[in-house]
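**Q** There's a structure below that I have some questions on.
The values are calculated or read from the model by the stated rules, or taken from the named source; none is laboratory data. Small disclaimer: the values here were computed from a predicted structure and weren't measured. Note that each Cβ is placed from the backbone with ideal geometry, even for glycine, and that neighbours are counted across all protein chains shown. Each accessible area value is taken on the protein alone, full model and side chains, heavy atoms only, with ligands, DNA and RNA left out. Shrake-Rupley method; radii C 1.70, N 1.55, O 1.52, S 1.80 Å.
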Amino acid sequence: MPDRPCSGYLLQAGGAQVWVDAGPGSLAELLRHTTLDRIDAIWVSHLHLDHVGDLLNAYYALAWGQLEVERPLPVYAPAALSTRLAGFFEQPDAGFVSDVLDLRPLRDGLVVELEGLELTSRAVEHGTEAYGLLARAEGRSLAYSGDCAPCTALDELAAGVDLLICEADSGEASQVHHTPEDAGALARRTGAKRLVVTHVGPSLSPSAATARAAEVFGGPVVCAEVGEVLSPW
């Protein structure tokens, strides 16, 4: 939709900045708040285009945009990203990006420490390799579902978090996405303090998705807005 980029978030905590998911249009929004040479890492939940498309633009910007980077930018993503990049650029492997991107495969239970920010990944259910994210810093916590169906791993990731960001792509029960009711139920049973509904599917309006999630959760719920700043810290 016009003026609505695909999935992408700037996570700032401790002394770190992390670009979480890189959907088409998200790089331009990211640049309203920071620059690529100030990013400490990129974290990609899964390799569907609406979560990874702007990584190509980031590569072009870093490789040929005359940005001075001290070291290749770490990219935490499913291991198949290297094959995708090699295929897109018609190269035998992804070694050509190594001057500016340091590809690091995600796995279930991976913990990354960045300048006072701790990131933990959990494998979630989306019909493809996909990961939820738990971020901790300064005694506070944030969980992000990525795209997935309700699953035990996401419950464990979201337990007691200060802020839960959960997709609500599906208006009806799905094996690969949350409904608004699923998102509200997740927040309720895990004891999340606040819920942010995001990635609302085309069959839903943001207001309807928010209301449906709030009815089940019973706690504070908002729908993510482009450019909005939310903080559990």
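**Q** Restricting to segment 189-209, name every residue that is of a type in the set (Val, Ile, Thr) and either more than 16 Å from Asp169 (Cβ to Cβ) or more than 19 Å from the chain's Cα centre (by Cα) (or both).
**A** The answer is Thr190, and nothing else.
**Q** Output the number of the condition that Leu154 fails; it satisfies all remaining conditions of (1) over 29 Å from Asn57 (Cα atoms); (2) out of contact with any His (no Cβ under 7 Å at 6 or more places or on another chain); (3) modelled with pLDDT of 95 or more; (4) part of a loop (DSSP other than H, G, I, E, B).
**A** Result: Leu154 fails condition (4) only.
**Q** Going by the structure shown, is Gly160 open to solvent by less than 50 Å² (accessible area, probe 1.4 Å), of a type in the set (Gly, Ala, Ser), at pLDDT 95 or above and not in a strand (DSSP E or B)?
**A** So Gly160 passes the test.
**Q** Output yes when any residue across segment 163-179 is under 26 Å from Ser207 (Cα atoms), touching a Leu at 6+ places or on another chain (Cβ under 8 Å) and assigned to a helix (DSSP H, G or I), and no when none is.
**A** No, there is no match, as no residue in segment 163-179 is under 26 Å from Ser207 (Cα atoms), touching a Leu at 6+ places or on another chain (Cβ under 8 Å) and assigned to a helix (DSSP H, G or I).
**Q** So, one more: Considering only residues of segment 38-58 that are aliphatic (A, V, I, L, M) and outside any helix (DSSP H, G or I), which is farthest from Gly127 (Cα to Cα)?
**A** Among those that are aliphatic (A, V, I, L, M) and outside any helix (DSSP H, G or I), it is Ile39.
**Q** How many residues, within segment 85-117, are touching a helix residue (DSSP H, G or I) at 6+ places or on another chain (Cβ under 8 Å), open to solvent by less than 80 Å² (accessible area, probe 1.4 Å) and assigned to a loop (DSSP other than H, G, I, E, B)?
**A** 2
**Q** Which one of the conditions (1) open to solvent by 20 Å² or more (accessible area, probe 1.4 Å); (2) more than 14 Å from Trp43 (Cβ to Cβ) does Ala153 fail to meet, given that it meets all the rest?
**A** If we test Ala153 against (1) open to solvent by 20 Å² or more (accessible area, probe 1.4 Å); (2) more than 14 Å from Trp43 (Cβ to Cβ), just (1) comes out false.
**Q** Give me a count of the residues in segment 127-143 that are open to solvent by less than 10 Å² (accessible area, probe 1.4 Å) and either farther than 11 Å from Leu186 by Cβ or modelled with pLDDT under 95 (or both).
**A** Total satisfying the criteria: 4.
**Q** State yes or no: is Ala192 part of a loop (DSSP other than H, G, I, E, B) and open to solvent by less than 20 Å² (accessible area, probe 1.4 Å)?
**A** In short, yes.
**Q** Looking only at segment 59-84, count how many residues are within 12 Å of Arg104 (Cα to Cα) and assigned to a helix (DSSP H, G or I).
**A** Of the residues in that region, 2 qualify.
**Q** Right, another one. What is the number of the single condition among (1) open to solvent by less than 10 Å² (accessible area, probe 1.4 Å); (2) within 26 Å of Leu49 (Cβ to Cβ); (3) touching a Gly at 6+ places or on another chain (Cβ under 7 Å) that Val124 does not meet?
**A** Of the numbered conditions (1) open to solvent by less than 10 Å² (accessible area, probe 1.4 Å); (2) within 26 Å of Leu49 (Cβ to Cβ); (3) touching a Gly at 6+ places or on another chain (Cβ under 7 Å), the odd one out for Val124 is (1).
**Q** Note down all Cβ pairs under 9 Å where the first residue falls in segment 47-68 and is free of Cβ contacts under 8 Å to residues at least 40 places away in the same chain, the second is part of a helix (DSSP H, G or I) and of a type in the set (Lys, Arg), and they're at least six residues apart or on different chains.
**A** As it stands, the answer is Val52/Arg84, since those pairs meet every condition given.
Let's see how each residue does on (1) in contact with a Phe, Trp or Tyr (Cβ under 8 Å, 6 or more places away or on another chain); (2) of a type outside the set (A, V, I, L, M); (3) under 24 Å from Glu228 (Cβ atoms); (4) open to solvent by less than 20 Å² (accessible area, probe 1.4 Å):
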| position | (1), (2), (3), (4) |
| --- | --- |
| Thr35 | no, yes, yes, no |
| Asp40 | no, yes, yes, no |
| His46 | yes, yes, yes, yes |
| Leu49 | no, no, yes, no |
| Gly53 | no, yes, yes, yes |
| Asn57 | no, yes, yes, no |
| Gly65 | no, yes, no, no |
| Pro74 | no, yes, no, yes |
| Pro78 | yes, yes, no, yes |
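**Q** On the given criteria, is Tyr9 outside any loop (DSSP other than H, G, I, E, B), open to solvent by 20 Å² or more (accessible area, probe 1.4 Å) and closer than 20 Å to Leu110 by Cβ?
**A** So Tyr9 passes the test.
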